[in-house]
Amino acid sequence: MSMRLGPQPGEVLDRTRPFTFTWNGREVPAYQGDTIASALAAAGVRVFSRSLKYHRPRGLLTASFHDPGCIVQVDDEPNVRGAHRLARPGMRVRSQNTWPSLNFDVKAINQLAGRFLSAGFYYKTFIRPRWLWPTYERVLRRFANGGEVPPEAAGDYYDKRYAHPEVLVAGGGPAGMAAALAAADAGASVLLVEEEHQLGGHLCWGDEADLAALRGLSERVAAAPGIEVLCDSAVLGRYEGNWIAVVQRTVPGVAERLVKVRAGTLVVASGLIERPYVFAGNDIPGVMLSTAVRRLINLYAVKPGERAVVLTGNGDGDAAVADLKRAGVTVAHIADARLGDDIVRAHGRGRLRSVELPDGRRVDCDLLVTATGWTAPAALLTMAGDRPVYDPRAARYFPDPARLPEDVLAAGGIAGDGSLDELLAHADAVGAEAARRATGAGDGPVPIPTLPVDAHPALFRGRTHGIVDFCEDVSSTDLVQAVEEGYRSVELVKRYTTVTMGPTQGKLEAVNAVAIVAEATGRSIGETGTTTWRPPYVPVTLGALAGRVFEPVRYSPMQPWHEAHGATPLVAGAWIRPDHYGDPHAEARTVRGDVGIIDVTPIGKLDLRGPDVPKLLNLLYVNKWSKLDVGRVRYGVMCADDGVVLDDGVTGHLGPDHYLMSTTSSGAATVWEWVENWLQTQHPDWQVHVTPLTTAYASMNVAGPRSRELLERVTEGVDLAGEAFPYMNVRTGRVCGVDDCVLWRIGFTGELSYELHIPAAYGLHVWETLMERGHDLGIAPFGVEAQRILRLEKGHLIVGQDTDGLTRGFSAGLDWAIKLDKDDFVGKPELAWQQEAGEYPRLVGLQPLDGSVVPEEACQIVDPPRRADRRPRIVGRVTSSRMSPILGRSICLAQVDAHLAAPGTQVTVRLPDGRHIPARVTDHLAHFDPTGDRLRV
Amino acid sequence: MILLPCPWCGPRNVAEFGYVGEAGPRPDPASAGPEEWRGYLYGRANPCGWVAESWYHRMGCRRYISVERHTLSNEVRPLATEGAGR
């Protein structure tokens, strides 16, 4: 049966654009401008969902964004606000939370559920016995159906934006519009944010005079320069420094956009939210708020029922009566709360049948309208530090302006009552004052008039069986029971019963809940206090918070080659590197036998220039740097001032006052900040200029006995002969036709090797040329895994792998490097004390006696217990381990306690499976070529 | 989110900065004993009130700056002494 009315003066429908969508598979007609709920109501639908716990049928309550009864699934999107989301042609809308079905009479289930789901059931029921939990879980899951996201659902695009208005006005009703206009007139830039699809607030569903006022305000806002309007957008929260989160839903092609706003002044013009009345049967479909029927009739031309009873305590209830009569609804009875009238309970199952009056009479009806008071949605104000004050005469809370910070103001209905003219005058002054505070312009504070406060009957009835929280299905009985169980604080009642914790977040139910707790504890509402409003003001999607994905990934210029040649990628911090090209052991053998090439672009590179670079190097490295001739390279280790190893790398002296420092790949950013920190804060007088060149160079290491032969074919201007360019030297020259390449002769792998730093744009060219020219020499690429094997054979430590956040210099086997006779260097006192104390763990080479066993990295080294009932004492750990292809046995580095560090000591390694295996401390950290002959050829 | 007054870039969101913390002078490594040195490493006054702090403007000018912050109210003001914003 169609409930659609003829055209209404304020309707938001475009009747020239009809279409259909489906509701649980059934076609429903709609006009452009209809919400899902308004179109369904026009089509005669009364039941939209079932309640969370008791699965009672639910219809429209507020017919607004906050309506708890019509949350629906739209295509693959769950939890859509049906009374807010606009209907679109062809959308598939389904009800949620409808087990066993939307229309099935579930009285039996209600009674069953009622026994188990009373106050605090989260803490009492389904807990014991524990082994039954899987069964409970299956049952509960059916009860708590929150819609579904199909696994194949396409990810929508979410956006982010920053805004810096001088004034942000939250709420686009008449007061918000007036405040925005006044602020703009005073020269401020204004962002006006409105939750609904259009500006105007309650004027939209008002009478002719209201609509005329709305037209005037709308025209002025549209014409005003400096006002940006965001409709269908919500202010989620206000944080320190007026940092404000707004979710905007109107950007074409974007699901939602999170606007991060830094506002000069925040004006909260949120208006008032109508409060439901608590009585038995108040959730039966057909029981609505006065604003709901006024919205349905005036905005959407929907007749909300045929025969109505109205409980009114204010002028808006009276206006609803007039609207109902105009829409052709029979008003069977009016109970005027101002005259002491009341209603007792609503009857009906699935839909309203009658209303019982205090004298016992029953009035048949299919619509019950209540207008019993207002709630001030003070969330943004309390986030700014306000504590709203309860006024019993007006039966609502008001903000306490004295507690608001300078940069937050309240305007309009949230601050008081009055005629439209009075509210507009108040908002006008607030807007001008907000602009003054943000811009500093004007001649002193703008006086803000005080709004009158109207008396309103206090319509709270605690001892009923009415629903208080329509989202969480918490009744007044539940709250009274919680108080009887000893929860007197409203904050504790909230946590115990989950009242105000659903999607409406207290906007509809908070004051009713406080009133019931007050009544049950024998206190006044003011004495009882309120629950705390916290962000977000309305529920927010994870998509909006996550926003666009900004996760930068770094590739070297040689990445296309690696991909084309089957490299298995390794994620190393932000970098993607080749782990191996199929067989890391073969790659390692190629380096030992012929020549290999590895991409080491992620190695950190800092260009250091200036006369004081040697001072800097002497300060930051534990070893000595004063006498490093041009053309020489030195390995250095950095410790922090607590003596813990921070980073290592080589630094070369390229020319007069010019050095190139390399860092570990993972330490590149840290070391740069570290260098800047010491230069900027401790030695600002030193003349050193630091330029990070990590990605300006493509870096590759050509390693193996035939590396020199290969490089001689492609290098110009550098004599590569052993005596002309010895180990630990640096040269610059032309490689593969590319000028300004830096060549270090160093050897992390333990082989004759050259690390090339090539201007990044030529990296791929040089790599490909080397592969081509080295073909007859047996060249092959090697990845990070082969490099890790090779360096472990050579006993070269990796900072962060063989050291950790407690490993001080002497524990890392760096005795030879640490020069305590230097005047100062970072970490010196701690290292001196470490050496003095002596009893520190040491890094050692370790080989299991059974060379076929590779203990996992981080295996414990233990003192085996003498008695079986004792636990072994941990005396060290394996820090690195691999099978060595060249030695044909397992090799390790380990940190062990001092008494176990002598070469030849036998220790016990505990494997993850609990077995204990013997291993021997080796003579050197290096398992292979300990004398370094291969490096120096 | 609080704003920090960067002397080079102006007021910027705190998310652009790395927190360094209470700034204290480094003792003379030649004479400092363990107690003094570890006080420099780990000891922080952490008062309820104004505290001088260093921040690193990582996503801006990459300068280490010093400001005073009130640890109760999160009010921030430029460090009054010479050398601020170095």
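Look through B:P11, B:P34 and report the one residue that is facing chain A (nearest Cβ under 10 Å), surrounded by fewer than 14 Cβ atoms within 10 Å (Cβ to Cβ) and over 30 Å from A:W833 (Cα atoms).
On the way: B:P34 fails: over 30 Å from A:W833 (Cα atoms).
Result: B:P11 is the single residue among B:P11, B:P34 that is facing chain A (nearest Cβ under 10 Å), surrounded by fewer than 14 Cβ atoms within 10 Å (Cβ to Cβ) and over 30 Å from A:W833 (Cα atoms).
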Within the range A:639-668, restricting to residues that are buried (at least 22 other Cβ atoms within 10 Å of the Cβ) and within 26 Å of B:G43 (Cα to Cα), the one that is farthest from the other protein chains (Cβ to nearest Cβ) is A:D647
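From A:G610, A:G566, A:G582, grab the single residue that is more than 19 Å from A:G747 (Cβ to Cβ) and in the same structural domain as A:G655 (by TED's automatic domain parsing). Spell out the reasoning first.
Numbers: A:G566 fails: in the same structural domain as A:G655 (by TED's automatic domain parsing); A:G582 fails: in the same structural domain as A:G655 (by TED's automatic domain parsing).
From the options A:G610, A:G566, A:G582, the qualifying one is A:G610.
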Quick one: count up the residues across the range A:275-317 that are farther than 24 Å from A:G350 by Cβ and either among the aliphatic types (A, V, I, L, M) or without any contact (Cβ under 8 Å) to a residue 24 or more places away in the chain (or both).
3
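So, in the range A:599-614, of the ones that are touching a strand residue (DSSP E or B) at 6+ places or on another chain (Cβ under 7 Å) and charged (D, E, K, R), which residue ends up farthest from A:A698 (Cα to Cα)?
Taking the range A:599-614 first, the residues touching a strand residue (DSSP E or B) at 6+ places or on another chain (Cβ under 7 Å) are A:599-610, A:613.
Narrowing the set further to residues that are charged (D, E, K, R) leaves A:599, A:605, A:607, A:609.
On the way: A:D599: 8, A:K605: 11, A:D607: 15, A:R609: 21 Å.
Here the residue is A:R609.
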Tell me, please, whether a residue that is surrounded by fewer than 20 Cβ atoms within 10 Å (Cβ to Cβ) and part of a loop (DSSP other than H, G, I, E, B) can be found in the range A:254-262.
yes
Consider the range A:610-638. How many of its residues are within 22 Å of A:T732 (Cα to Cα) and under 46 Å from the mean Cα position of the chain (by Cα)?
8
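Quick grid of which residues meet (1) within 14 Å of chain B (Cβ to nearest Cβ); (2) touching a helix residue (DSSP H, G or I) at 6+ places or on another chain (Cβ under 9 Å); (3) in contact (Cβ under 8 Å) with a residue 24 or more places away in the chain:
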residue: A:R161; (1), (2), (3): no, no, yes
residue: A:H164; (1), (2), (3): yes, no, yes
residue: A:L192; (1), (2), (3): no, yes, yes
residue: A:H202; (1), (2), (3): no, yes, yes
residue: A:D207; (1), (2), (3): no, yes, yes
residue: A:D232; (1), (2), (3): no, no, yes
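Restricting to the range A:147-176, name every residue that is among the hydrophobic types (A, V, I, L, M, F, W, C), within 30 Å of A:L214 (Cα to Cα) and out of contact with any Ser or Thr (no Cβ under 7 Å at 6 or more places or on another chain). Spell out how you get there, then give the answer.
To start, the set of residues in the range A:147-176 that are among the hydrophobic types (A, V, I, L, M, F, W, C) comprises A:149, A:153-154, A:163, A:167-170, A:175.
Right, trim to within 30 Å of A:L214 (Cα to Cα) and you get A:163, A:167-170, A:175.
Those that are among the hydrophobic types (A, V, I, L, M, F, W, C), within 30 Å of A:L214 (Cα to Cα) and out of contact with any Ser or Thr (no Cβ under 7 Å at 6 or more places or on another chain): A:A163, A:L168, A:V169, A:A175.
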The conditions are (1) of a type outside the set (A, V, I, L, M, F, W, C); (2) within 30 Å of A:K828 (Cα to Cα); (3) within 9 Å of another protein chain (Cβ to nearest Cβ), and B:R44 fails exactly one of them. Which is it?
(3)
Within the range A:482-599, considering only strands (runs of 3 or more DSSP E) that don't extend past its boundaries, which have at least 3 residues that are out of contact with any Pro (no Cβ under 8 Å at 6 or more places or on another chain), buried (at least 16 other Cβ atoms within 10 Å of the Cβ) and among the hydroxyl-bearing types (S, T, Y)?
none
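Can you say whether A:E709 is more than 14 Å from every other protein chain (Cβ to nearest Cβ), in a helix (DSSP H, G or I) and touching a residue at least 12 places away in the same chain (Cβ under 8 Å), as far as the supplied structure shows?
Working: more than 14 Å from every other protein chain (Cβ to nearest Cβ): yes; in a helix (DSSP H, G or I): yes; touching a residue at least 12 places away in the same chain (Cβ under 8 Å): yes.
For A:E709, the condition - more than 14 Å from every other protein chain (Cβ to nearest Cβ), in a helix (DSSP H, G or I) and touching a residue at least 12 places away in the same chain (Cβ under 8 Å) - is met.
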Answer yes or no: is there a residue in the range B:70-86 that is surrounded by 13 or more Cβ atoms within 10 Å (Cβ to Cβ), within 30 Å of A:K822 (Cβ to Cβ) and either of a type outside the set (K, R) or more than 9 Å from chain A (Cβ to nearest Cβ) (or both).
no
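I need the strands (runs of 3 or more DSSP E) fully contained in the range A:284-396, keeping only those with at least 1 residues that are surrounded by fewer than 23 Cβ atoms within 10 Å (Cβ to Cβ) and in contact with a strand residue (DSSP E or B) (Cβ under 8 Å, 6 or more places away or on another chain). Spell out the reasoning first.
Numbers: elements: A:287-289, A:307-312, A:330-336, A:345-348, A:352-356, A:362-364, A:367-371, A:389-391.
The qualifying strands (runs of 3 or more DSSP E) are A:307-312, A:330-336, A:345-348, A:352-356, A:362-364, A:389-391.
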Does A:A415 qualify as being out of contact with any helix residue (DSSP H, G or I) (no Cβ under 6 Å at 6 or more places or on another chain) and among the small types (G, A, S)?
yes
Which of the residues spanning the range B:14-31 are at the interface with another protein chain (Cβ under 9 Å from one of its Cβ atoms), surrounded by fewer than 16 Cβ atoms within 10 Å (Cβ to Cβ) and not in a loop (DSSP other than H, G, I, E, B)?
B:G18
What about A:E27, is it of a type in the set (D, E, K, R) and touching a strand residue (DSSP E or B) at 6+ places or on another chain (Cβ under 6 Å)?
yes
If I ask for residues that are touching a Pro at 6+ places or on another chain (Cβ under 8 Å) and not aromatic (F, W, Y), which ones from the range A:608-634 would you list?
A:S626, A:L628, A:V630
Kindly provide the set of residues from the range B:34-49 that are more than 16 Å from B:Y19 (Cα to Cα) and among the aromatic types (F, W, Y), ordered by number.
B:W37, B:Y40
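Only one residue in A:G416, A:G442 is assigned to a loop (DSSP other than H, G, I, E, B) and closer than 14 Å to A:S270 by Cβ, so which one is that?
Result: A:G416 is the single residue among A:G416, A:G442 that is assigned to a loop (DSSP other than H, G, I, E, B) and closer than 14 Å to A:S270 by Cβ.
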Name the one entry in A:G813, A:G845, A:G851, A:G805 that is in contact (Cβ under 8 Å) with a residue 12 or more places away in the chain, away from every other protein chain (no Cβ under 14 Å) and surrounded by fewer than 16 Cβ atoms within 10 Å (Cβ to Cβ).
A:G851
When the residues of the range A:669-696 are narrowed to those that are in contact with a Leu (Cβ under 9 Å, 6 or more places away or on another chain) and away from chain B (no Cβ under 14 Å), which ends up surrounded by the fewest Cβ atoms within 10 Å (Cβ to Cβ)?
A:L693
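Does A:A832 satisfy the condition of being in contact (Cβ under 8 Å) with a residue 12 or more places away in the chain and within 14 Å of chain B (Cβ to nearest Cβ)? First the steps, then the outcome.
Details: in contact (Cβ under 8 Å) with a residue 12 or more places away in the chain: yes; within 14 Å of chain B (Cβ to nearest Cβ): yes.
So A:A832 fits the description; yes.
The values are calculated or read from the model by the stated rules, or taken from the named source; none is laboratory data. Source: prediction; values computed, not measured. So basically every Cβ, Gly included, is an ideal-geometry build from the backbone, and we count neighbours across all protein chains shown.
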